[in-house]
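Notes to accompany the following structure.
The values are calculated or read from the model by the stated rules, or taken from the named source; none is laboratory data. Computed from a predicted structure; not experimentally measured. Neighbour counts run over all protein chains shown; Cβ positions are idealised from the backbone, glycine included. When the accessible area is computed, the model is the full protein with side chains, heavy atoms only, and any ligands, DNA or RNA have been set aside. Shrake-Rupley method; radii C 1.70, N 1.55, O 1.52, S 1.80 Å.
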Amino acid sequence: PLKLDKQRWQLTPWHLKTDDAATITAFLKNIQEGKALTLRGGKQVISLSGLKAALLFIDAQQKRVGSETAWVGKGEEPPLSVPPAPALRAVGKVDLSQSPLSREELNDLMDYGNERMNNSACSLDPFRREIRVTALTDEKVLLMVSCEAGAYNTIWLAWLVSRQQPYVARQVRLTLPFQPPGNAARDIELINASIDERRHELVTLDKGRAPGDCGTQTRWRYDGQRFSLVRYARQPQCDNWQGPDAWPTLWVTRSVAHPLR
């Protein structure tokens, strides 16, 4: 039997969670020789095949083998013998306390967006097309127009546009700083794009199916010059469980207080 201390674990009908390091270490030590986790009186089985090999690989990658902090290959080397984690990439964090768009500014930019939309090779029915304008700074706005659509995904086009006329526009292109799983393209389409106004981030959500329980979510922050990736999350299994904000995070970027130059 696997006993979980309720003071160390958050227990819900669908989820077990802990962020206590000692509890995690003890849990992994307890199950790493096992073959599967099963529920008493139930048919559900979680395979543990390959878990120990995965932990050994992590120990080797983090150069923990032979130290007190290794998960599998423990030894007498002190924790300080383990090299520090590599520094996260950084993205500049600009002051986004911009003045709101006036009605006149918004109307002029919407007209400009209509012109952009009419001159773009988009297949979306004109009655379903949408234009969005978001102020980023006192000098720049983000202009987005919906362009293509499938059953549950809509592809948007976006431009960084000056707030003053004559408008100067530069198309937004999102490129991952790494090769994504499955040798997929590094260029990210603006699928189901939106602005998270609380975090000041451009969000894309490529849904694997209509319920939105699988797919890829990216978050990008404007650093004064361009949009830089701050989070990449992916859930390949459509399991009818968690939404995008709870998908496994495969990349995270550290914010710095001043814009990068």
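The condition of being assigned to a loop (DSSP other than H, G, I, E, B) and at pLDDT 90 or above holds for only one of Leu101, Leu88, that being Leu101.
In the stretch 32-47, the residues that are more than 11 Å from Leu2 (Cβ to Cβ) reach residues that are in a loop (DSSP other than H, G, I, E, B) with C-beta atoms within less than 7 angstrom, at least six apart or across chains, in these pairs: Gln32/Val72; Lys35/Leu48; Lys35/Ser49; Ala36/Leu48.
Of all the listed residues (Ala22, Ala54, Ala26), the sole one being of a type in the set (A, V, I, L, M, F, W, C), in a helix (DSSP H, G or I) and open to solvent by less than 50 Å² (accessible area, probe 1.4 Å) is Ala54.
Here Thr38 meets the list (1) within 23 Å of Trp241 (Cβ to Cβ); (2) at pLDDT below 90; (3) open to solvent by less than 50 Å² (accessible area, probe 1.4 Å); (4) among the polar types (S, T, N, Q) almost entirely, failing just condition (3). Pairing each residue of the stretch 148-173 that is closer than 16 Å to Asn119 by Cβ with any residue that is aromatic (Phe, Trp, Tyr) and open to solvent by 50 Å² or more (accessible area, probe 1.4 Å), provided the two are 6+ apart or on different chains, yields no C-beta distance under 6 Å. Screening Asp187 with (1) exposed (fewer than 13 other Cβ atoms within 10 Å of the Cβ); (2) modelled with pLDDT under 90 gives one miss only, at (2). Scanning the stretch 113-153 for residues that are part of a helix (DSSP H, G or I) and modelled with pLDDT of 95 or more returns no hits. Among the residues of the stretch 57-83, those that are under 29 Å from the mean Cα position of the chain (by Cα) and either open to solvent by less than 40 Å² (accessible area, probe 1.4 Å) or among the aromatic types (Phe, Trp, Tyr) (or both) comprise Phe57, Asp59, Ala70, Trp71, Val82. As for the stretch 199-210, it holds at least one residue that is open to solvent by 40 Å² or more (accessible area, probe 1.4 Å) and over 29 Å from Ser120 (Cα atoms).
Within the span defined as the stretch 2-14, every residue fails to be of a type outside the set (Phe, Trp, Tyr), closer than 22 Å to Gln242 by Cβ, within 30 Å of the chain's Cα centre (by Cα) and surrounded by 14 or more Cβ atoms within 10 Å (Cβ to Cβ).
When the stretch 136-184 is filtered for residues that are within 29 Å of Arg103 (Cβ to Cβ), in contact with a strand residue (DSSP E or B) (Cβ under 6 Å, 6 or more places away or on another chain) and open to solvent by 20 Å² or more (accessible area, probe 1.4 Å), the ones remaining, listed by number, are Lys140, Thr154, Leu157, Tyr167, Val168, Ala169, Arg170, Gln171.
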